[in-house]
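Following: one structure in structure tokens, then a few remarks.
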Amino acid sequence: TFIYNAAEVKDSLAVGNSFVEYVEGIYVGYKFSDTAYVMDPNFYYDEAVVFPFGHGLSYTSFEQTLDSCRIVGDEVVVTVTVTNTGDVDGKEVVQLYYEAPYPEFDEEYSIEKAVKNLVAFAKVEVAAHASVPVTLSFPVEDMASYCYTRDNGDGTKGAYVLEEGEYNIYRGKNSHDSYGEETVTRGSTVWFDNSNPRQSETDGQSLLDDRGEPLG
């Protein structure tokens, strides 16, 4: 259900003997390996990846159980209970990945998506045989995908789009393995163009004084 274009994931292309053309798309690191694992029957994940992104080593072991996963206002809020099942104290990282839907809409607009995307994480220390609740949240708009073909109607092209549909939220042991997954649903599609920027884009811009100079 995802576009996997080998031309977009190659690291470089040698042209003759004179120079190397560097090419980079969204398929970098775990976004390449986990997408290739799903889409390419000739990709042998276990041979290509020794330690998946987010893999950790510890002197103890952990379990994670879901308490809740829901959309609250403009955020996705996930609460899990982390249990240290070993005999020594240790630290665990709660990792959340999302998987966006891929309808015909995406093929029409040539939108590419990785299978998994890290969206939130937190490290927690848990005593031996104890449990700790952990709540993570992230803006719903962070699950938007970029569409470079969209005509914004103001002389510019390209915008993020948050599509309607079901989004899978993975509680990852790492980028490849998970404790489980849940689903949150968007009921409508929203374009984030110049007239409706994402809040993260607004927050990332410099505040200007009356002369147009950056503040601070």
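The values are calculated or read from the model by the stated rules, or taken from the named source; none is laboratory data. Just so it is clear, the model here is predicted, and its values are computed rather than measured. Positions of Cβ are generated from backbone atoms using ideal geometry, with glycine treated the same way; all protein chains shown enter the neighbour counts. Heavy atoms of the whole protein, side chains included, go into the accessibility calculation; ligands, DNA and RNA do not. Shrake-Rupley method; radii C 1.70, N 1.55, O 1.52, S 1.80 Å.
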- Message: The conditions are (1) surrounded by fewer than 19 Cβ atoms within 10 Å (Cβ to Cβ); (2) under 22 Å from Ile71 (Cβ atoms); (3) of a type outside the set (Asp, Glu), and Tyr109 fails exactly one of them. Which is it?
- Response: (2)
- So Ala120, is it under 20 Å from the mean Cα position of the chain (by Cα) and farther than 19 Å from Leu57 by Cβ: yes
- The residue from Tyr109, Tyr98 that alone is within 30 Å of Lys157 (Cα to Cα), modelled with pLDDT under 95 and touching a Lys or Arg at 6+ places or on another chain (Cβ under 8 Å) is Tyr109
- Restricting the range 147-181 to residues that are in contact with a Ser or Thr (Cβ under 9 Å, 6 or more places away or on another chain) and of a type in the set (Asp, Glu), which is most open to solvent (accessible area, probe 1.4 Å)? Glu166
- In the range 79-108, the residues that are under 30 Å from Arg150 (Cβ atoms), among the hydrophobic types (A, V, I, L, M, F, W, C) and in a strand (DSSP E or B): Leu96
- Message: Can you confirm whether Ala122 is buried (at least 16 other Cβ atoms within 10 Å of the Cβ), touching a strand residue (DSSP E or B) at 6+ places or on another chain (Cβ under 8 Å), outside any loop (DSSP other than H, G, I, E, B) and modelled with pLDDT of 95 or more?
- Response: no
- Message: Here is a check on your reading of the model: is Gly158 in a loop (DSSP other than H, G, I, E, B) and without any contact (Cβ under 8 Å) to a residue 60 or more places away in the chain?
- Response: no
- Scanning the range 185-200 for residues that are open to solvent by 60 Å² or more (accessible area, probe 1.4 Å) and not in a loop (DSSP other than H, G, I, E, B) gives Thr185, Gln199
- Which listed residue is touching a Cys at 6+ places or on another chain (Cβ under 6 Å), touching a residue at least 12 places away in the same chain (Cβ under 8 Å) and closer than 30 Å to Asp151 by Cβ, from Ile111, Ile71: Ile111
- Query: Does Gly56 satisfy being at pLDDT below 95 and either polar (S, T, N, Q) or within 23 Å of Ala127 (Cα to Cα) (or both)?
  - Reply: yes
- Message: Taking the criterion of being more than 17 Å from Gly180 (Cβ to Cβ), part of a strand (DSSP E or B) and not β-branched (Val, Ile, Thr), would at least one residue in the range 63-78 satisfy it?
- Response: yes
